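Following: one structure in structure tokens, then a few remarks.
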Amino acid sequence: MESVPDCTLIGDSDELAGVACPIGRSEVMVGRSLEAVLRLQSDGVSRFHARIEWTEQGSLVLSDLGSSNGTFVNGRRVEHPESLEDGDRIQFGPQAAFLVRYGSDAGPDTIEVRHPTHSETTVELLAKRNQARILLSRQDFASALPLFVEVLDALDAAAHGSLAASEDIAELLTEVARCHVGLRSPADAVPLCRRAAALLLHASAGNASLVRANFVLGKALFAEAPKEARQIVTEAIESLAPGVVLRQEIEAWLAVADPA
């Protein structure tokens, strides 16, 4: 790759006034997810909203990642990857906007400089969550559970109930619940799944996350309330297309479960 110039995104909306985001050499994922590098909490920003990256020729390119509310450059919606020029105004969803500035000087109007890249703590949390997910896939529930709980507690405390992290919290709640079901302590899983489902109903998460939460909830409730459990799971898969792996997994469970 050719050498690339210094580039900084300068906040250009009320909520981002005084914010400067330097663009490094690695790609920048923009969104509300814990895994986004430029993490925005604005209404209308998707979990994985857009990507900013350098081309081999040294150009900075912005791509939309199928966001619900769109990505814009100078008021035009981004349909295909678009090169960014000095002074371009980019907007993620209806509110979050930045100006593109090339050069080492971010400008005199920059009041506060933030570096919204992953902190060491966040990187460690992501590593622990990924390790826990590997253990979960191996059905090593006892080893996965404390790792999931540690990540959940840290993220839950940092979020302060913000919708920006609700999908991440809901996924972690569901994974903790899956560990409890695997360890044959379904009573501990029920409140976790109910909280996860409530979070996902009020967020822009994909249907699969909500279905998974309700599936785990159904399995947790099955021993005590089989008819209610089967109803929860049956209603949950209605949003999944036939042939989807998760739907096949749930249908296989329903074929074996007998609420009578």
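Observations on the model:
- Among 214, 257, 202 the positive-end extreme of the charge dipole of region 181-260 (Cβ point charges): 202
- Measuring with a 1.4 angstrom probe and ignoring ligands and nucleic acids, residue 134 comes out at about 90 Å² accessible.
- Theoretical FRET efficiency, 1/(1+(r/R0)^6), r = Cβ-Cβ of residue 6 and residue 74, R0 30 Å, to 0.05: 0.90
- Between residue 253 and residue 188, the distance separating the two model label sites (each 7 Å from Cα on the Cα→Cβ line) works out to 1.8 nm.
- Rounded accessible area of residue 238 (nearest 10 Å², 1.4 Å probe): 140 Å²
- Distance between the pseudo-spin-label points of residue 239 and residue 102 (7 Å out from Cα toward the beta carbon): 4.4 nm.
The values are calculated or read from the model by the stated rules, or taken from the named source; none is laboratory data. Bear in mind the structure is a predicted one, so any value in this text is a computation, not a measurement. Here the Cβ is made from the backbone with ideal geometry for all residues, glycine too, and neighbour counts use every protein chain on show. To get the accessible areas, we keep the full protein, side chains included, count just its heavy atoms, and leave off ligands, DNA and RNA. Shrake-Rupley method; radii C 1.70, N 1.55, O 1.52, S 1.80 Å.
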